[in-house]
Amino acid sequence: MEYRTIRDKLIHLGHDMNIYTDDIAPSFGLIDVGAVDLHFLRSPGQPLQNKIRNDPLMPFLKKSTMQVLYLADRVATVITQQRGLTPSRTHVLNGVYIPALNHILSYEEPIRRGMTAEEKWRRKIKAWYLYEAGDYLEALNFGYPDGFWLQFVVRMSELFGERPPSYLSKPRYPRYRDSEALIEWRVVFTQGNKRLGLLLRDAVCLEAEALTALKSQVDAFKQQLELDIAVLVLNTDFNPEYQFGELVADSDPIRAAESAFDLLTSPIGKSSDSVQNQKEE
């Protein structure tokens, strides 16, 4: 009856659904458009007496999804009983919306009292990347909701003073492993008049000896986008003997971001110190 009431208000009773998003979580409420219009015609400039009651949106969608899945499970049980069917248990469903179900069913509403200023800034940075993704499928390619690469780029923006990158390419995945094996993601930050580039990729099926070829890709990336510095980042731990100067290989996204930031910015600091020493001499 709850859903039927919402449906009737939207279709028959002239209501609109208002989606409101603050810096914590989205909410929704139904608004009687006719009543609002009449109110402002009769009492211009006066606030509404009956405020719109907003309900948390994501918990509502989570509950709705759980109820639909419960109903589908009950219907399937009845069908198998009436038709004398026995589930084979040899087939599975696979696709991008399977993890989406897990994302929404495991959702927990943020606690406002526990939200620090630092966490609010981090959420704004994350929201910028999700906006750039454009839709849910592309957000998966960014590493939504808590994958390695989304954590990495959010931390990089924090280190660059909460600034988004000046250039962000679309992540490239093989068609047969979409959202699973990142083969290239280009990110460029600007600091002063310096352009600092990151070439990101998963280390899946990557042999250590292939790093030589990847180093040439870093050089081509640097030249193509006219970068001052370019760094390759792999989400794995490599033996030190395979390392080279423009490589960060780490299985921890936060640590990898901090190491990449040091590589990108340290040469700038050394260069400026050198110039300053020359002036003093």
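If you take the residues in the stretch 2-18 that are open to solvent by less than 90 Å² (accessible area, probe 1.4 Å) and of a type in the set (Val, Ile, Thr), which one is farthest from Ile104 (Cα to Cα)?
Thr5
Collect the residues in the stretch 111-125 that are assigned to a loop (DSSP other than H, G, I, E, B) and open to solvent by less than 100 Å² (accessible area, probe 1.4 Å), keeping them in residue-number order. Lay out the reasoning, then the answer.
Taking the stretch 111-125 and keeping what is assigned to a loop (DSSP other than H, G, I, E, B), we get 111, 115-116.
Passing the criteria: Met115, Thr116.
Just name the residue that is nearest to Asn18 (Cα to Cα) out of those in the stretch 48-93 that are open to solvent by less than 90 Å² (accessible area, probe 1.4 Å) and of a type in the set (Ser, Thr, Tyr). Spell out the reasoning first.
Of all residues in the stretch 48-93, those open to solvent by less than 90 Å² (accessible area, probe 1.4 Å) come to 48, 52, 54-65, 67, 69, 72, 75-80, 84, 87-88.
With the extra rule that they be of a type in the set (Ser, Thr, Tyr), the set shrinks to 64-65, 77, 80, 88.
Numbers: Ser64: 18, Thr65: 20, Thr77: 38, Thr80: 41, Ser88: 45 Å.
Among residues in the stretch 48-93 that are open to solvent by less than 90 Å² (accessible area, probe 1.4 Å) and of a type in the set (Ser, Thr, Tyr), the one nearest to Asn18 (Cα to Cα) is Ser64.
Quick one: is Leu41 within 30 Å of Glu180 (Cα to Cα) and either surrounded by 10 or more Cβ atoms within 10 Å (Cβ to Cβ) or free of Cβ contacts under 8 Å to residues at least 60 places away in the same chain (or both)?
Numbers: within 30 Å of Glu180 (Cα to Cα): no; either surrounded by 10 or more Cβ atoms within 10 Å (Cβ to Cβ) or free of Cβ contacts under 8 Å to residues at least 60 places away in the same chain (or both): yes.
The answer is no for Leu41.
For the stretch 8-38, enumerate the residues that are within 18 Å of Pro56 (Cα to Cα) and out of contact with any strand residue (DSSP E or B) (no Cβ under 7 Å at 6 or more places or on another chain). Spell out how you get there, then give the answer.
As a first pass, look at the stretch 8-38 and keep what is within 18 Å of Pro56 (Cα to Cα): 16-31.
Across the stretch 8-38, the qualifying residues are Thr21, Asp22, Asp23, Ile24.
Identify all residues within the stretch 94-110 that are open to solvent by less than 70 Å² (accessible area, probe 1.4 Å), part of a helix (DSSP H, G or I) and either over 23 Å from Gln67 (Cα atoms) or of a type in the set (A, V, I, L, M, F, W, C) (or both); write none if there are none.
Within the stretch 94-110, Ala100, Leu101, Ile104, Leu105 meet the criteria.
Could you list, in sequence order, the residues of the stretch 19-30 that are open to solvent by 40 Å² or more (accessible area, probe 1.4 Å) and either more than 26 Å from Arg122 (Cα to Cα) or at pLDDT 85 or above (or both)? Give the derivation first.
Filtering the stretch 19-30 down to residues open to solvent by 40 Å² or more (accessible area, probe 1.4 Å) leaves 19-23, 30.
Result: Ile19, Tyr20, Leu30.
Could you check the stretch 159-177 and list, in sequence order, the residues that are within 16 Å of the chain's Cα centre (by Cα) and touching a residue at least 40 places away in the same chain (Cβ under 8 Å)?
Glu162 - this is the single residue of the stretch 159-177 that is within 16 Å of the chain's Cα centre (by Cα) and touching a residue at least 40 places away in the same chain (Cβ under 8 Å).
Determine, yes or no, whether Glu132 is surrounded by fewer than 14 Cβ atoms within 10 Å (Cβ to Cβ) and under 24 Å from Leu264 (Cα atoms). Break it down into steps so the answer makes sense when it comes.
On the way: surrounded by fewer than 14 Cβ atoms within 10 Å (Cβ to Cβ): no; under 24 Å from Leu264 (Cα atoms): yes.
So Glu132 does not fit the description; no.
The values are calculated or read from the model by the stated rules, or taken from the named source; none is laboratory data. Please read these numbers as outputs of a predicted model, since none were measured by experiment. Please note: Cβ atoms are built from the backbone with ideal geometry, for glycine as well, and neighbour counts cover all protein chains shown. Keep in mind that these areas ignore ligands, DNA and RNA; they rest on the heavy atoms of the full protein, side chains included. Shrake-Rupley method; radii C 1.70, N 1.55, O 1.52, S 1.80 Å.
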